[in-house]
1. Taking the residues in region 555-612 that are among the aliphatic types (A, V, I, L, M) and in a loop (DSSP other than H, G, I, E, B) as candidates, determine which candidate is modelled with the highest pLDDT.
2. For region 42-70, enumerate the residues that are open to solvent by less than 60 Å² (accessible area, probe 1.4 Å) and in contact with a Ser or Thr (Cβ under 6 Å, 6 or more places away or on another chain).
3. I'd like to verify a number: residues in region 17-36 that are within 10 Å of Ile60 (Cα to Cα) and open to solvent by 50 Å² or more (accessible area, probe 1.4 Å), how many?
4. Could you figure out which of (1) modelled with pLDDT of 80 or more; (2) outside any helix (DSSP H, G or I) isn't true of Trp95?
5. Look through region 480-509, keep the residues that are more than 17 Å from Asp447 (Cα to Cα) and among the hydroxyl-bearing types (Ser, Thr, Tyr), and return whichever of them is least open to solvent (accessible area, probe 1.4 Å).
6. Condition first: surrounded by fewer than 14 Cβ atoms within 10 Å (Cβ to Cβ) and outside any loop (DSSP other than H, G, I, E, B). Now tell me which residues in region 322-344 satisfy that.
7. Given (1) part of a loop (DSSP other than H, G, I, E, B); (2) farther than 18 Å from Ala285 by Cα; (3) not basic (Lys, Arg), where does Asp224 come up short, assuming only one miss?
8. So, in region 147-206, how many residues would count as being open to solvent by 30 Å² or more (accessible area, probe 1.4 Å) and either part of a helix (DSSP H, G or I) or closer than 15 Å to Val280 by Cα (or both)?
Amino acid sequence: MVSLFNMFNKPITPGESMSYSAFIEKVDAGIVETAKINDHEVSGQYRNLQGDLRTYQVTIPNDPGLTQRLIDQHVEVNVSKPAEVPFLLSVLISWFPMLLLIAVWVFFMRQMQGGGRGGAMSFGKSRAKLLTQNTAKMTFSDVAGCDEAKQEVTEVIEFLRDPSKFTRLGGKIPKGVLLVGPPGTGKTLLARAIAGEAEVPFFSISGSEFVEMFVGVGASRVRDMFEQAKKSSPCIIFVDEIDAMGRHRGAGIGGGNDEREQTLNQLLVEMDGFESNEGVILVAATNRPDVLDPALLRPGRFDRQVMVPRPDLNGREEILRVHMRKVPLSSDVEVKVLARGTPGFSGADLANLVNEAALNAARFGADKVANADFETAKDKVMMGTERRSMLISDEQKETTAYHEGGHTLVAKYLKHADPVHKVSIIPRGMALGVTMQLPEEDKYNHDRNYLEDQIAIMMGGRLGEELVLNQMTTGASNDFERATKLARNMVTMWGMTDKLGAMVYGENQQEIFLGHEVARSQNISEQTAQLIDVQVRKLIDDNYARAKKILEEHIDQLHLLAKALIEFETLEDGQIDDVMAGKPFQRTERREVPKKPPQDSSTAAPDVDSHVPPKEAGQES
């Protein structure tokens, strides 16, 4: 650095570089005209043999008599004093490399701690954000479809506002509330509404923000979070996705993650240990309550477990109305009918439905969102996006039409099956065609007759191809996969066979702990496993025969359905009945994206078919 400073402060003296001895010879010869002495360098002009002036530059040793020697030869001498470097600048220059290394180290340490919040040494500081009424605009009026859950958390807020209302009869304030439910049902939304409604401090943090790369940081952050909360008591702490830090201890091969377990142990102590945290309520949300440690779920820690399920018919209607507040609707939109046609939808699904409908209306420049836009959006959400640009030959189109016609016809003649809502041979997602059924009312469990009818409907696609076209394609692979899984669950989990009875065979195969999975032993014999396979095979064969009988008896209607599908591509419920009865029908006019010419003629259709049953209650979307 010093050399760099000297380089910039060195005077610019361009000229011929010569040795000191050669310079002395020229001085003694009297041909040197000027000399400028600067520390250990001399520069100036001299005359060559032709009498021309030339510049020179010489590095000189420590020669005290040089100046007098130049004067004696009548050389014009100028002496310049070298610039002195200030003391502070010299210290800064000498320490600059070390200071640069320290600054780089501090920068990276701050980055590892989340952008430098709280300084480079704030490893154990809590990352919880304090929300006020100015930052949290959500209220309970923005949350619909979970009235019981709202009532539970409303009581917690009222307890913080007026504890005497509940303590006069000996009640105690709950220490924790756990919001449990499938993804998209509104757990985090409910917590945001709590923040908007509560007139007390509200701290928000994610479960993943506790665990860092340094050992002990998570436990330190838990302690710091509760210390901050005690200072602001009464208050509420919200931990989103608490399963990131609250998983079962001792899980996995090798004992699991010690750092995460230390964090969980500290949380357990803070929630219900020797020190009381009166006035501090912990609200947490998760969609995986099965992976949480039992010590975390006991009363005294999470006193209340609030279930936030998928909404029922009335709940879906309320949610749709909330999301439709800012959407201009056409007069033909009936919210109740739309809610009835979306069984199993979560709050997030319904929000997406309204958004897709608004986007579809905007795509065509409409001023209001019409019922046709909601139908298009519903098809897109439930069945996937249409791929009209996909090239399909007439033979493949005919195969798909008889396949979907087989599903539809079998479903029409089975007593316990859900009504067919729509059938289409337009490719959607990875499927070449879809048959969608919708129940007439919300269902929370299913009997054996319904499940057997579902298997028969799944078999109808392959039978439609086999009976008419005398061929078998790979398009029924997904049907067979789902039928086999359904039949095996009926045999091994739901006790729906006479031979094996009401007993569960085999452990739950959805175990999420690898250590438990490896250590588990099978609890069924070889003979029982063979009997299970026989019963599964019998269920599928019996319903295959039922579907085949229906199609053979109504083969003419199958031809009518396939012909109509080839011509119109999509049929809705009333149109399906008219086609089967041989009556003319009115095609539904809907706004659709215009077809575009294909870009690649070599695109091949995937060998996948999709039969879309209604979403079941409790089934994750």
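1. Kept after step one, since they are among the aliphatic types (A, V, I, L, M), are these residues of region 555-612: 555, 558, 560-562, 564-566, 571, 576, 579-581, 593, 604-605, 608, 612.
Going one step further and asking which of them are in a loop (DSSP other than H, G, I, E, B), we end up with 581, 593, 604-605, 608.
Details: Ala581: 80, Val593: 49, Ala604: 38, Ala605: 38, Val608: 42.
Looking at residues that are among the aliphatic types (A, V, I, L, M) and in a loop (DSSP other than H, G, I, E, B), I get Ala581.
2. Ser43, Gly44, Gln57
3. Within region 17-36, residues that are within 10 Å of Ile60 (Cα to Cα) and open to solvent by 50 Å² or more (accessible area, probe 1.4 Å) number 3.
4. (2)
5. Across region 480-509, the extreme among qualifying residues is Tyr505.
6. Lys336, Val337
7. (1)
8. Total satisfying the criteria: 25.
The values are calculated or read from the model by the stated rules, or taken from the named source; none is laboratory data. Fair warning: this is a prediction, and the values are worked out from it, not measured in the lab. Positions of Cβ are generated from backbone atoms using ideal geometry, with glycine treated the same way; all protein chains shown enter the neighbour counts. Protein only, heavy atoms only, side chains kept; ligands, DNA and RNA dropped before computing areas. Shrake-Rupley method; radii C 1.70, N 1.55, O 1.52, S 1.80 Å.
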